[in-house]
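The values are calculated or read from the model by the stated rules, or taken from the named source; none is laboratory data. What you see is a predicted model; the values in this text were computed from it and never measured. So basically every Cβ, Gly included, is an ideal-geometry build from the backbone, and we count neighbours across all protein chains shown.
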Amino acid sequence: MAKTIQVEVVSAEEQIFSGAAEFVALPAELGEIGVLPGHTPLITRIKPGTVRIKLPEETEQNYVFVAGGILEVQPNKVTVLADTAIRGRDLDEAKVQEAKKQAEEALGNRESAIDYAKAQAEIALMVAQLAAIRKLRERR
């Protein structure tokens, strides 16, 4: 039996994943982090991107898109507290493209009363989701 680590991925809305995993990789503030059982404890911020979870006895990995948040690692547990989390299978490319297009149009419309920082953050989030969708598509 393979050594495992307990993984919890939660957002403000719901628990996205809970279970044992052999390996977890995710986008931390200073680069991607890989976590194996027995990892040194740490807490760090995470960037928008894909969390990859390798389950025991499975060849395919589980994917979760996170829009930022906090990662806590203990030797036998990984907790991802995400601002927003979406299961990889639930990502909708057409919906993301449309949201990105609307944010770009709002940003380009000088007459609208929008928050430019918010619109730019929305665009960055949609770009990260599109990158996650492309990664998922490549792996299938």
### Query
Does the stretch 48-67 contain any residue that is surrounded by fewer than 19 Cβ atoms within 10 Å (Cβ to Cβ), within 25 Å of residue 118 (Cα to Cα) and not assigned by TED's automatic domain parsing to the domain that holds residue 131?
no
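I'd like to know if the stretch 101-122 contains one or more residues that are modelled with pLDDT of 75 or more and of a type in the set (Val, Ile, Thr).
No; the residues of the stretch 101-122 include none that is modelled with pLDDT of 75 or more and of a type in the set (Val, Ile, Thr).
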### Query
If we keep just the residues of the stretch 79-100 that are under 18 Å from the mean Cα position of the chain (by Cα), at pLDDT below 85 and among the acidic types (Asp, Glu), which is farthest from residue 19 (Cα to Cα)?
93
### Query
Do we have any residue at all in the stretch 70-78 that's in contact with a Phe, Trp or Tyr (Cβ under 9 Å, 6 or more places away or on another chain), modelled with pLDDT of 70 or more, surrounded by 12 or more Cβ atoms within 10 Å (Cβ to Cβ) and not in a loop (DSSP other than H, G, I, E, B)?
no
### Checklist (1) within 13 Å of residue 70 (Cα to Cα); (2) assigned to a strand (DSSP E or B) applied to residue 12, failing item
(2)
### Query
All but one of (1) at pLDDT 90 or above; (2) surrounded by 14 or more Cβ atoms within 10 Å (Cβ to Cβ) hold for residue 45; which doesn't?
(2)
### Task
Scan the stretch 16-30 and give yes if some residue there is on the phi < 0 side of the Ramachandran plot, at pLDDT 90 or above, in a loop (DSSP other than H, G, I, E, B) and surrounded by 15 or more Cβ atoms within 10 Å (Cβ to Cβ), otherwise no.
yes
